[in-house]
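One structure is given below, encoded as structure tokens.
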Amino acid sequence: MQTKSSLCFVTMLLLLMFFLSLFPCKALADQQTISLGYGLGVLNNTRQVGHLWGNDYYDFGHIAYGYEKTLSGKFNLLIEPFVSIVNRPSTGLDFGLTLNGRYYFGPLNHRGFFATVGGGGVYTSIRFHEQGTHGLFVLHGGVGYKWERLSVEGRFRHYSNASLAHPNRSVNATIVSLGYAF
């Protein structure tokens, strides 16, 4: 079982590196962003912010690269590979890739208030008691504000194995991030 987990980890890492090597090219991009954030557990089976179902504390640092392409007017497609450095309940890494829709509410695209919703896949090295596998699905949504090249965003993130393994209790978190567009 350990060999299978190691193979999955290496595969996810290679896929992440492949996607990152494709997107930094200026000829491809409408907008690119690097964002750094901090997240902690919320809305799990406890009333305490920062905790999981078993009352373990859950917090992490979050690094994401975003490639944003205008689809129509103020609606954009956002491809976002990310890495989360988990501090607790144990030290580890999450590698994932999400496909998102982003809508800007102001008069200009890539400026002002926006909403983001999307989903994708993630591999985590953490053995969550709530999940029966290391390969998970991720759904998230949030709101933010972008001014010139800087942005701030708050997101709600939901991890689940979609009942492909047992147990399948959600691992929910909130992330606050600061981004820089180039």
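The values are calculated or read from the model by the stated rules, or taken from the named source; none is laboratory data. In this text the structure is predicted, and so the values were computed from the model without any measurement. Using ideal geometry, Cβ is built from the backbone for each residue, glycine included, and neighbour counts are taken over all protein chains shown. Ligands, DNA and RNA are stripped out before the accessible areas are found, and what is left, the full protein with its side chains, is counted by its heavy atoms. Shrake-Rupley method; radii C 1.70, N 1.55, O 1.52, S 1.80 Å.
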Neighbours by Cβ (under 7 Å, 6+ apart or cross-chain): first from segment 21-45, within 16 Å of ILE63 (Cα to Cα); second at pLDDT below 90 and small (Gly, Ala, Ser): PHE23/ALA29; LEU40/GLY50
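Would you mind finding the one in LEU36, LEU40, LEU52, LEU99 that is under 25 Å from PRO167 (Cβ atoms) and under 13 Å from the mean Cα position of the chain (by Cα)?
LEU40
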Just to verify a result, which residue in segment 117-138, among those that are in a strand (DSSP E or B) and out of contact with any Phe, Trp or Tyr (no Cβ under 8 Å at 6 or more places or on another chain), is nearest to GLY92 (Cα to Cα)? GLY118
Give the residues of segment 47-65 that are open to solvent by less than 40 Å² (accessible area, probe 1.4 Å) and either modelled with pLDDT under 90 or farther than 20 Å from GLN131 by Cα (or both), sorted by residue number. GLY50, HIS51, LEU52, GLY61, HIS62, ALA64, TYR65
Of the residues LEU78, LEU71, only one is modelled with pLDDT of 95 or more, assigned to a strand (DSSP E or B) and not hydroxyl-bearing (Ser, Thr, Tyr); which? LEU78
Single residue of GLY141, GLY106 found to be in a loop (DSSP other than H, G, I, E, B), touching a strand residue (DSSP E or B) at 6+ places or on another chain (Cβ under 9 Å) and on the phi < 0 side of the Ramachandran plot: GLY106
Just one of the numbered conditions (1) among the charged types (D, E, K, R); (2) open to solvent by 30 Å² or more (accessible area, probe 1.4 Å); (3) within 17 Å of GLU153 (Cα to Cα) is not true of ASP30; which one? (3)
Filter pass, TYR38 being farther than 22 Å from GLY135 by Cβ, at pLDDT 90 or above and surrounded by 12 or more Cβ atoms within 10 Å (Cβ to Cβ): yes
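Anything in segment 116-130 that is open to solvent by less than 30 Å² (accessible area, probe 1.4 Å) and either among the aromatic types (Phe, Trp, Tyr) or modelled with pLDDT of 90 or more (or both)? List them, or say none.
THR116, GLY118, GLY119, GLY120, GLY121, VAL122, TYR123, THR124, ILE126, PHE128
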Of the conditions (1) at pLDDT below 85; (2) closer than 22 Å to THR98 by Cα, MET1 clears all except one; give me its number. (2)
